[in-house]
Structures are given as C-alpha cells and as structure tokens.
Amino acid sequence: MAAPKSAANENEISRDRLAELLNEDLAREYQAIIAYVVYSQVLSGAEYMDIAAQLEIHAKQELDHALILSRQIDYLGKMPVVTPKPVRTSKKPKDMLRYDLDNENETFAITAIASGNARRLENSRWRSRFGRSSCRSRIIKSI
C-alpha cells in the first residue's frame, strides 16, 4: 500500500516542470513584446496616440520580464525558448486592442489559476499586470 502524500508533497513540482512552465511564460512575454512593438507603431490617429505611447513603455517592461524568466530558466539548467506565442495583427486598431486585451486576460487567468487564486479571476476580470493604468482603461473603452 502506497504511503499517503502530504499536502506539501502534492504541491511540489520538479525542476523540469518548473522550467517548462517558465518557458511557457517566456513565450508569452515574447508575444507581448512583439505585439506591443507592432501595435505601438501602427496605431494611428489622435484617439490612439496615448495608447501607442503606453504600449512602447509596456514593450520595454515585457523585455525586462523576459530577461528575468530567461535567467531563472538557465539557473534551472534548461534552455530558454526562442519562439513566441502567435501574435495577431489587423488593419483595424480596435481589433489589435481587442487582441491585446484577450492576451492579457489569458495571461491573467493562467496566473490566477497557477497561483491558486482562480476565485479572484471572476472578481477582477479586467485587471492585468498593469490593469489599473489609464492606458488599459482607454483600451477597454475604445473597443
């Protein structure tokens, strides 16, 4: 008969699995960097100028996140991934802003579930890493 697992042992993951999960996050960071760079440059019109400027700032923040993740993956003895998750584009600014919001919601949901806070997901559906910023509010209002 197998010994019962303690709650602590059930929550433990291997170094390989941790590196795999970090690499999934890294692919999302690459996706965000590419999307923000492209979106910030192709959004045009007075109504989008503030949003485009904020997206440039966020691209730089995502690069910082990618560097941190890469360092952690290397520390675990694994190779950081080099392929981003797919980036959607459109000729319509509102579509691109919707894609950005969809990606943020997906990332937020994964983070909430992974951290055991899925309940908080429903209570703060529109929050993301920078969900409190006026940029995010303007994006939501414009789509």
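Give the calculated FRET efficiency between LYS78 and ILE57 to the nearest 0.05, with a Förster radius of 30 Å applied to their Cβ-Cβ distance.
That gives a FRET efficiency of 0.50.
Expressed as a whole number of Å, what is the distance separating the alpha-carbon centroids of segment 59-106 and segment 24-38?
About 2 Å separates the Cα centre of segment 24-38 from the one of segment 59-106.
Would you work out if segment 14-77 is rounded, prolate or oblate? Take a ≥ b ≥ c from the square roots of the eigenvalues of the alpha-carbon gyration tensor; rounded if a/c is under 1.5, else prolate when a/b is larger than b/c, oblate otherwise.
prolate
Convert each backbone phi in segment 80-90 into a coupling constant with the Karplus relation 6.51 cos²θ - 1.76 cosθ + 1.60 (shift: θ = phi - 60°), then list the ³J(HN,Hα) values in order as whole Hz, x for Gly and Pro.
x, 5, 10, 10, x, 5, x, 10, 8, 10, 7
Tally Lys/Arg at +1 and Asp/Glu at -1 over every other residue whose Cβ is under 14 Å from the Cβ of ALA27; what's the total? Please list the in-between numbers first.
On the way: positive: ARG28, LYS78, LYS85; negative: GLU20, GLU24, ASP25, GLU29, GLU62, GLU106.
Local charge sum for ALA27: -3.
Read-outs throughout are calculated quantities, based only on the coordinates presented, and are distinct from any laboratory measurement. Not measured: the values here are computed from a predicted model. Note: ideal-geometry Cβ built from the backbone for every residue, glycine included; neighbour counts use all protein chains shown.
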